[in-house]
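Below is one structure, written out as structure tokens; comments come after it.
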Amino acid sequence: MPPWGAALALLLAALALLGLLAPRLRRAVGARTLPGARGQDHEKEADGRGAAAPFSDGREPLPGGCRLLCKPSALAQCLLSALRRSTALEPRPRSWLSGPHLQTLCHFVLPVGPGPELAREYLQLADDGLVALDWVVGPCPRGRRVTNAGGLPAVLLVIPNAWGRLTRNVLGLCLLALERGYYPVIFHRRGHHGCPLVSPRLQPFGDPSDLKEAVTYIRFRHPAAPLFAVSEGSGSALLLSYLGECGSSSYVTGAACISPVLRCREWFEAGLPWPYERGFLLHQKVALSRYASALQDTVDTHRLFRSRSLREFEETLFCHTKSFPISWDTYWDHNDPLRDVDEAAVPVLCISSADDPVCGPPDHFLPTELFHNNPYFFLLLSHHGGHCGFLRQEPLPAWSHEVILEYFRALTEFFRTEERMKGLSRHRASFLGGRRRWGTLQKREASPSSNLDEIFSWKRSYTR
């Protein structure tokens, strides 16, 4: 980004901070006239019985006022037990970082600072386009843990937001994952974060074709290592589209989405609060300005860089093309991240905040029926955290990072237990088959079948 672009972005963020903190300051001053009110609210939020009652039906309470929304199953019970033991969710005193706008702006605007050591690879795609993979190779911490019993570190695929900005929290997650024994790799789309745009084609919002080739390459490099995936914000549309299209062939063991945008079309059409709308729009214009001459044969660049909203920018870039124009409805028929969600066969944990200023109120932009009806999807909803924030006092990492890695560890232990129980049942069946005749075995099958139903309750609950 050129210096003037960075300065303008910082200035816009400062103006947004002043404008958005004013109501909070007025509420804080007013709260001083009500002694004890703040303490009562904090106690209610800590035990999970706070003011977010209208949206709390059917959720399991967790420490810190969080709630887990999911369909009951053996895996859900395992995840619930792991979250209740988590120290990351323990309530802490409110600090100056508790406000949703501060959480969000600190995440997007503050300089990244010293990050991990990255080794970049460019992957040439089938249509001769390029995507970038940044492998996190350091700094190597002492006493590094191993995430897999076989000794191979699990690969953690990290997908940044759709605007291509590499944020502080993404790098913080990579550092924490490296410390916990993972091998993180960051996926960058065409033209994002220094990846050259060698062909006049950008990746649409929910088109997973490039990600499929990247995952195939990662599996080629690490064929025996488990693969986990994490997405941030609007980048969740790409991950969910990939999981839906690939189904059980996705190669992913488990996935997590931080502040996901799930109802994407409604999100674009409703628009964001003006500071965020202008900030994200400015960032995209600055990032694509270097490719203006390369894109002018395919899109109307004059109209593109004069866009006044994210919807107008997206529609001009991908719908009003010169070679193959399509309608806004057709675009979302092919890019809605939930279009194939019933085909997803991987557990997905979504972490969202009720005060998210970018996604909006949870009852408007979170499809709760997805988490009630689909046993693969889990929603961890907190009272506070902003958009992709979930920050704590330095030097502690964002609590969402701790929860995600604990969730992956719980998944690994759950699947390992399932495999062990499956092996025991096979051994027992072979032993009984060697001593009994087939007719006798059929007559006595009713007794062990009830035990097998308990063993495979998770698989049964996953059957639709």
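The values are calculated or read from the model by the stated rules, or taken from the named source; none is laboratory data. Note that this is a predicted model, so its numbers are computed, not measured. Glycine also receives a Cβ, built like all others from the backbone with ideal geometry; neighbour counts cover every protein chain displayed. Heavy atoms of the whole protein, side chains included, go into the accessibility calculation; ligands, DNA and RNA do not. Shrake-Rupley method; radii C 1.70, N 1.55, O 1.52, S 1.80 Å.
Tell me, what is the 1.4 Å probe accessible area of Tyr407, in Å² to the nearest 10?
Probe radius 1.4 Å; accessible area of Tyr407 about 0 Å².
Between Leu282 and Phe324, what FRET efficiency comes out of the Förster formula 1/(1 + (r/R0)^6) with R0 = 25 Å and r the beta carbon distance, rounded to 0.05?
Calculated transfer efficiency: 0.35.
If amide hydrogens are placed 1.01 Å from N in the peptide plane, which non-local residues have theirs closer than 5 Å to the one on Gly191?
Leu197
Of the heavy-atom accessible surface of segment 265-336 (probe 1.4 angstrom), what whole percent is carbon and sulfur?
Carbon and sulfur atoms account for 49 percent of the accessible area of segment 265-336.
Would you mind computing Rg(Cα) / (2.2 N^0.38 Å) for segment 265-336, counting N as its residues?
Compactness ratio reported: 1.10.
Distance in nm between label sites at Arg85 and Glu117, each 7 Å beyond Cα in the beta-carbon direction?
3.4
Could you provide, to the nearest whole Å², the per residue accessible area of segment 329-389 with probe 1.4 Å? Walk me through the numbers on the way to the answer.
Numbers: 1880 Å² over 61 residues.
Using a 1.4 Å probe on heavy atoms only, each residue of segment 329-389 averages 31 Å².
For segment 126-243, what % of the accessible area comes from carbon and sulfur atoms, probe 1.4 Å?
Here it works out to 55 percent.
Once you charge only the Cβ atoms, +1 for Lys and Arg and -1 for Asp and Glu, what is the size of the charge dipole of segment 265-336 about its Cα centre, to the nearest 20 debye?
Computed charge dipole of segment 265-336: roughly 460 debye.
Using a 1.4 Å probe and counting only protein heavy atoms, arrange Thr368, Thr417, Thr216, Thr316 so the residue with the most accessible area comes first.
From most accessible down to least: Thr216, Thr417, Thr368, Thr316.
Once phi is turned into θ = phi - 60°, what whole-Hz ³J(HN,Hα) does the Karplus curve with 6.51, -1.76 and 1.60 give for every residue of segment 283-290, x standing for Gly and Pro?
Once rounded to whole Hz, the list reads 4, 5, 5, 5, 5, 8, 5, 6.
Pulled fully out, how much extra length does the chain show between Leu110 and Asp127, if you take 0.36 nm times their separation in residues and subtract their Cα-Cα distance?
Additional length available on full extension: 2.5 nm.
7 Å from Cα along Cα→Cβ at both Met421 and Asp297: what's the point-to-point distance in nm?
Going from the Met421 label point to the Asp297 one covers 5.9 nm.
Which loop trypsin sites (Lys or Arg not before Pro) in segment 288-364, with loop taken from DSSP, have no more than 15 other Cβ atoms within 10 angstrom of their Cβ?
Listed in order of number, the matching sites are Arg290, Arg306, Arg308, Lys322.
If I take R0 = 41 Å and measure r between the Cβ atoms of Asn373 and Tyr217 in this structure, what FRET efficiency does the formula 1/(1 + (r/R0)^6) give, to the nearest 0.05?
Given R0 = 41 Å and the Cβ-Cβ separation, E is 0.75.
What FRET efficiency comes out for Glu266 versus Arg306 if R0 is 25 angstrom and r is the Cβ-Cβ distance? Round to the nearest 0.05.
For Glu266 and Arg306, the calculated efficiency is 0.50.
Using protein chains only and a probe of 1.4 angstrom, how many square angstrom of Arg221 are accessible, to the nearest 10?
Only protein atoms counted, so the area is about 90 Å².
Give, in nm to one decimal, the length gained when the segment between Cys140 and Ser199 is fully stretched (0.36 nm per residue of separation minus the Cα-Cα distance).
Extra length from Cys140 to Ser199 when fully extended: 17.6 nm.
Starting from the Cα of Cys78, step 7 Å along the direction of its Cβ; do the same at Glu413; then give the gap between the two resulting points in nm.
Spacing of the two 7 Å Cα→Cβ label points: 1.0 nm.
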